[in-house]
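This report concerns only the one structure given below.
What follows draws every value from the coordinates through simple rules; no lab data is involved. These numbers come from a predicted model, not from an experiment. Here the Cβ positions follow ideal geometry from the backbone for every residue, glycine too, while neighbour counts run over all protein chains shown.
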Amino acid sequence: MPNRRAKNIEAKVENPILAEELSKLKGMRYYEQRMRLLELVSIGAGGEADIDTPDWLIEGSNIESPLWVCWFGTEKKGIKIVVDFCIQLYNGSMLTDSVNTTLLKIIKVFLVLQIHPRYNGGSRRGADAEAQIFRHGLHFVDWLLMGGERFNITQCGLSLITESDLVEYLLLNTSNPISTYLYVYPTRLAIELKRLSSKITIEDAIDTQEQWHECFELIDIADQTLDMSKDDLIRARVWMYRNGYYIKQFGVLRYNSAHFIRSLYRNTLGGVRLAVRTFDELNGGVVWKTEYPSVPIRNEVTPTVSSKTLGRILRALKKLPILNNYFKAARFDSQALAKITVKTILSKVSEKPKGRFRSLPGEVVFNLVRASYEYIRKNAFRVMSSVTINSVANQGGKTKRAFNIIGAPFENMNSKIMAQPSIFSAWLIPYTERQSDYFELFRSDYCLYDSYTVLMGAYISIIGLLTARRQIELLNLRANTCLLPNKDPYLSENKSIQYELLFDGGKTGNRHGKELMRVTVPTMVAKLIWDLKRFHANCYKAGLISFDTPLFIYIRPDNLSFRPMDARVFNNCLSAVCDYTQTPVVTLENGTQARFYVRQHQMRRFFAMAFFSSAGFKGLDALRAFLGHSDLEHLYNYILEITPGSMLEGVKVECITDAILKNESTIEHLDEVKYMLCERLGCRDIGAKSYSEICHGLKEAADRGDIVADFDFADFSYGQIYADVAKLVQSHRIDLKPDFAMLTTEDGSTFEMKLSVKVRYP
């Protein structure tokens, strides 16, 4: 398979004198730089530092360079993107050839304009935002390059791009994943594999099967993605195996997508860095699997892309008319963009279940937290000490081999691994060797790797619930500074300390860094964080991690090395603890049995949801006792403190909507809200009925002649009621608040609380 380039081509800089002069500018003061740029205009410079030599181009690269090294962020922390302009165009010429000088400059300036402060509100953004903005520019250029003959860009510039073309691009770029829709990866991969494996014979397949017994075993056709027949897939699998495209991970053969990406998109700017998933029909087995499918976590139909994301993509295209000011050859028709807005594109975007998150039932969360805490107290020390000892032993060996372990602790494993006496029978069981009763074995703490994954899930579930932080905020916690004060909460002398969690706000700060934020945390959370801090310190002392490694770490199953936890591992740990503690299993409408696998975005809003929706508030005492608060008002204040305003607003909307439809709530003044909604919807009352109940009622009404017109169910769906209540809350017409009262009983003083809707009339 060819490399990034079909052949090694020494890229020629079209204007080497200008390139050399531009490389000298970064060492000059601003005034000197400005004057020198004006002098260089005569030999092709644009005369503006933000275009000719932007500060995010590093390692000596500038606008004239055939290879850009981009750095978005601060000096110490940022995102690096490399762009190679030495690509072949549809007509066989290289983009860097002298005949394409103007086209190359148009593309480069278009990319520079994406970050130019003048066209971005006069300011720069954070590393993640700028990198994503820049990628949007790369995606558009790649779309043009892949449609080279269609747009004839070498001869016509941008003049052939129409409004319908831009709408098509926006719809492709807002479909997820873009590797499938914009870059058409599954189709291209299928065509490439058919071509490469066309000469594979039946003898080749039989020979391969002797080495790889599962070679002919394919997943169900309903689960396949690629447009390939059974014979096509077998030939492709044989060809990939014989050419070394498979690697073994945890006992499963998986192919490396990077080889195909480099080949298929070698003539694009951003396509070579596509993050794509592997297709199960080409793999040798399942790599990660929970015991049950997951209960869906969203329950409302909304567009697949947010207006915010679409706005960013559209803003990238808004730079196209600006190119006409720099290049006569650009010839972009500004009218092609004139009528395109976020609203018009959203109206064309297909919808899918993606709306507000479903609330977790209270018993799911309370039982999970209780079981997680019990698991931590029982297993934390032995699991942490065991993985540390065995990681040290493995890292200390002369070779660090990947491995799969099953059976007795000294069979089929690196001699250094689990050399210490251990209560665990194995490190892990390869996925291909798991029996039908594997999860019973999983819950018996048979494998150390499984136990560590469950342990981390237990810590995450409690800390995530009681702090209500975003997943990224937890993943970025710094072990040495996250707990204030940095004192051992297990010591009796510190029992009266009010601890705080210090973290980088997920959506605060600027391009130079996130805003440091702090929230109060219960002593239980402080103790759990202290456990992780001690574990972190032990790993650091043993040389397994660096000092600045984040608090949450995981251990690689193949070589026992520690790494910072990422979002995928974070979710896998939560799934593991749900399987271990056996969170409830329910039967979905389609008959499938599914388990509640909790996620951090659900736990963030749980306490607020439980507070506002506890029927009769019987569950509030459990909440209060769980958090160690003396009364309900303290509990309410704690919830207000840890729950972001927008999330709290959504919780109130959901509670009011549910109360209206159930028509049995103790919330005061709910009738006034129902009256407002009836006015908006043009009806007399609001209630909840099933689809069959509504159809039966309509049929009876039609038989009586009471209705003759078609009935639009959409106007009266849960989503519509929810949306209307949301508008009332967001406009501050209504609000849901608790009223506290002190009642004196024979047993002493207790608090009573009731919810009421506060209505503000215009």
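List of remarks:
- 19 Å Cα-Cα threshold exceeded, pairs from K108/K319; K76/K533; K77/K533: K76/K533; K77/K533
- Between K343 and Q435, full extension at 0.36 nm per residue minus the direct alpha carbon distance yields a gain of 27.9 nm.
- Put simply, when 310-317, 440-447, 387-394 are sorted by average Cβ atoms within 10 angstrom per residue, most first, you get 387-394, 310-317, 440-447.
- Here the contact order of segment 185-273, divided by its residue count and restricted to Cα pairs under 8 Å and six or more residues apart, works out to 30 percent.
- Residue-span extension gain [L484 to S123] - 0.36 nm each, minus C-alpha spacing: 126.6 nm
- Net charge of neighbours whose Cβ lies under 13 Å from the Cβ of F570, counting Lys and Arg as +1 and Asp and Glu as -1: +3
- Net charge over other residues, Cβ less than 10 angstrom from the Cβ of A336 (K, R count +1; D, E count -1): -2
- When +1 charges are put on Lys and Arg Cβ atoms and -1 charges on Asp and Glu Cβ atoms, the dipole computed for segment 185-273 relative to its Cα centre reaches about 660 debye.
- Burial ranking of peptide ranges 98-105, 83-90, 460-467 (average Cβ count within 10 Å, highest at the top): 460-467, 83-90, 98-105
- Modelled FRET efficiency - R0 22 Å, S492 with F381, Cβ distances, 0.05 increments: 0.60
- Inter-label distance for N324 and K541, nm, one decimal - labels placed 7 Å from Cα along Cα-to-Cβ: 6.9
- Stretched out straight at 0.36 nm per residue, the stretch from I79 to Q593 would grow longer than its current Cα-Cα span by 180.8 nm.
- For segment 185-273, radius of gyration divided by Kirkwood radius, i.e. Rg to Rh on alpha-carbons: 0.97
- 13 Å beta-carbon shell around I462, net charge (K/R +1, D/E -1): +2
- Low-density loop positions, chymotrypsin sites (Phe, Trp or Tyr not before Pro), segment 178-223 - DSSP coil, at most 11 other Cβ in 10 Å: none
- FRET efficiency for E672 and E363, using Cβ-Cβ distance with R0 set to 35 Å, rounded to 0.05: 0.60
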